[in-house]
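One structure below.
The values are calculated or read from the model by the stated rules, or taken from the named source; none is laboratory data. Everything numeric in this text was worked out from a predicted model, so none of it was measured. Note: ideal-geometry Cβ built from the backbone for every residue, glycine included; neighbour counts use all protein chains shown. Each accessible area value is taken on the protein alone, full model and side chains, heavy atoms only, with ligands, DNA and RNA left out. Shrake-Rupley method; radii C 1.70, N 1.55, O 1.52, S 1.80 Å.
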Amino acid sequence: MAFSIVEYYGENSRYQCGYCKQSRSCSSYGMWAHKLCCQDYQELIDRGWRRSGCYCYKPMMEITCCPSYTIKCDAMNFRLNKSHKKIIKRMNKFLRDGKQDTTEMTVLSNSEETTSHDTGGHEHMEVPCVQPKPLDPSLMGLDTNDSDECRPVADESGFSGLQIPKLTESLGVSVHQSDSNASNQPKKAKMLRIERKREKLQKKGLSGEAIEQMMKPSGNKNKEKSLEDFLEECPQKNNKPVHHLQVKCVVASEGATATTFKLYSLYQQSIHKDPLSKLNMDRFKRFLVKSPLKDSQEYGTFHQQYWLDDRLIAVGVIDVLPFCVSSVYFFYDPEFKFLSLGTYGSLRELAFTRSLNRKIPSIKNYYMGFYIHSCPKMRYKSNLQPSYLLCPEAYTWHLLDKTVLAKLDAHKYSRLNDDVGALDANKTTEQDLKDVLLLVGRSYTTYSEYLEMVGKGIPFLSEYARLVGKSCAKKMMLYRV
């Protein structure tokens with residue numbers, strides 16, 4: 001059984017906001033994840049946490065200048081709007097004939113989602129300058145198991161803890177998302193079937209009008225096209241498009257290449273106006289390559305690379321978790337800004353979520369990070385429907401509709417659950433604090449056992465347990481030197 005090791009920092013207050021750019025106006029809670037089980041991270045983001053590299057943070061919603069609400073889209077019931085369809089069609093047309101549709105670009109430039117997401121609307125919370133305590137390297141490759149031999153026993157230091165057995169080896173992950181070639185094969189087969197049917201009808205001596213009438217689809221004439229239908233619909237000129245787009249999904253550790261870093265640097269300088277002196281490979285790795293997520297072959301952190309012919313033009317960093325695909329960051333080549341790659345990438349990630357659902361039915365949602373209603377650049381997320389916001393008090397999900405938007409128009413910070421009696425179902429009680437899990441040295445122990453051995457409490461423990469929730473507090477290991 002995988003386990004998590006976290007180091008709690010407490011409040012990180014009065015720093016510059018990445019959205020409204022006010023100085024000393026943003027506050028959050030923070031902790032460092034040395035190791036993070038994907039199931040645990042799923043529970044954390046469902047309590048308003050989010051990660052940047054190995055640093056996890058939870059905004060202090062009541063006092064921060066731009067309250068950040070966790071947002072998710074129901075991928076299985078997602079419906080395209082007109083703007084989304086235009087963006088996909090424009091990409092398909094560019095792939096087909098290589099030309100930019102300037103008329104359509106003018107229309108799209110006035111839409112809110114393209115003037116936000118495609119100009120840097122993503123969260124831009126890089127890893128802060130923190131120094132996590134040194135951890136025994138051998139613990140990073142270890143997992144607990146459920147055998148009786150792993151029950152708590154007293155170790156040499158006197159702590160009642162569990163000596164964690166070694167895992168023989170860690171497994172690598174490599175997932176490849178199919179693209180236009182594979183997706184066009186079923187369409188080619190369908191066209192062949194249609195032509196064979198047409199030939200048979202002609203041999204029977206039927207007239208052209210009668211053949212066309214019989215060739216009309218029955219029952220599905222008014223069927224709405226799906227997201228996948230639009231993404232796969234790339235008409236070819238003379239069976240050979242001008243450009244070929246391929247989306248490759250690789251584990252994050254394979255994304256630390258000179259090509260990827262160069263693309264990231266171009267994006268940060270052009271979109272976020274970062275000076276070149278601020279950009280280096282180590283910083284890039286801390287932000288978008290290194291990940292605390294340790295689990296199985298199905299879950300973890302991946303880079304979705306968008307290759308136009310042989311050129312890397314965009315990268316989407318995602319976390320695949322037990323119940324969702326969580327978008328971490330998206331960056332692209334500013335030269336191809338006319339393709340609205342940010343929004344196109346979101347639609348691709350939604351489609352990827354839906355494809356994973358066929359293998360892992362529990363994966364049904366696409367998490368878009370935070371929704372900041374007070375920041376116009378972030379409002380594009382409300383156009384991916386149906387979407388839901390997390391109530392910052394009851395931790396319940398609420399449809400992002402006119403009612404919720406009206407609440408946020410009236411007050412930047414709002415309890416979204418109208419039921420004043422609705423409580424946090426995962427709230428930690430005083431009794432639960434006794435079962436909070438600690439990692440001391442190479443052994444783990446409960447807080448009650450720690451108190452018996454040391455006779456001295458941990459001042460921030462109650463705050464930590466409240467923020468991560470009862471479930472995570474009892475199974476994640478809070479690191480103590």
Checklist line | Selection count where residues are touching a Gly at 6+ places or on another chain (Cβ under 9 Å) and surrounded by fewer than 22 Cβ atoms within 10 Å (Cβ to Cβ), scope segment 47-60 | finding: 3
Checklist line | Residues within segment 458-481 that are part of a loop (DSSP other than H, G, I, E, B), closer than 22 Å to Pro134 by Cα and out of contact with any Gly (no Cβ under 8 Å at 6 or more places or on another chain), tallied | finding: 5
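I'd like the full set of residues that are more than 19 Å from Trp307 (Cβ to Cβ) and over 13 Å from the mean Cα position of the chain (by Cα), limited to segment 344-370.
First pass over segment 344-370, keeping only residues more than 19 Å from Trp307 (Cβ to Cβ): 350, 353-354, 356-370.
Hits for segment 344-370 are Arg354, Leu356, Asn357, Arg358, Lys359, Ile360, Pro361, Ser362.
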Checklist line | Residue under evaluation Ser355, criteria (1) buried (at least 18 other Cβ atoms within 10 Å of the Cβ); (2) within 27 Å of Met76 (Cα to Cα), criterion not met | finding: (1)
Next item on the list: Could you give me the residue pairs with C-beta distances under 8 Å whose first residue belongs to segment 305-325 and is over 13 Å from Val251 (Cβ atoms), whose second residue is small (Gly, Ala, Ser) and open to solvent by 10 Å² or more (accessible area, probe 1.4 Å) wherever it lies, and which are 6+ apart or on separate chains?
Entry: Pro322/Ser362; Phe323/Ser362
Next item on the list: Just one of (1) part of a helix (DSSP H, G or I); (2) under 20 Å from Ser340 (Cβ atoms) trips up Lys285, so point out which.
Entry: (2)
Item checked: Any pair with Cβ under 6 angstrom, 6 or more apart, that starts in segment 255-272 at a residue that is under 17 Å from Gly53 (Cβ atoms) and ends at one that is in a helix (DSSP H, G or I) and not basic (Lys, Arg) -> Gly255/Val289; Ala256/Val289; Phe261/Met281; Phe261/Phe284; Tyr264/Phe284
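Just need a number here: residues in segment 396-415 that are assigned to a loop (DSSP other than H, G, I, E, B) and either touching a Lys or Arg at 6+ places or on another chain (Cβ under 7 Å) or surrounded by fewer than 12 Cβ atoms within 10 Å (Cβ to Cβ) (or both).
So the count comes out to 2.
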Note to self: I'd like to check something: does segment 427-443 contain any residue that is free of Cβ contacts under 8 Å to residues at least 60 places away in the same chain, in a loop (DSSP other than H, G, I, E, B), of a type in the set (S, T, N, Q) and open to solvent by 30 Å² or more (accessible area, probe 1.4 Å)?
What the structure shows: yes
Note to self: Anything in segment 4-46 that is more than 28 Å from Ile271 (Cβ to Cβ), in a loop (DSSP other than H, G, I, E, B) and either open to solvent by less than 10 Å² (accessible area, probe 1.4 Å) or free of Cβ contacts under 8 Å to residues at least 60 places away in the same chain (or both)? List them, or say none.
What the structure shows: Ser4
Check: For the subset of segment 347-375 comprising residues that are part of a helix (DSSP H, G or I) and of a type in the set (D, E, K, R), which member is farthest from Tyr329 (Cα to Cα)?
Finding: Arg354
Item checked: Checking Asn383 against (1) under 19 Å from the mean Cα position of the chain (by Cα); (2) of a type in the set (S, T, N, Q); (3) at pLDDT 95 or above, the condition it does not meet -> (3)
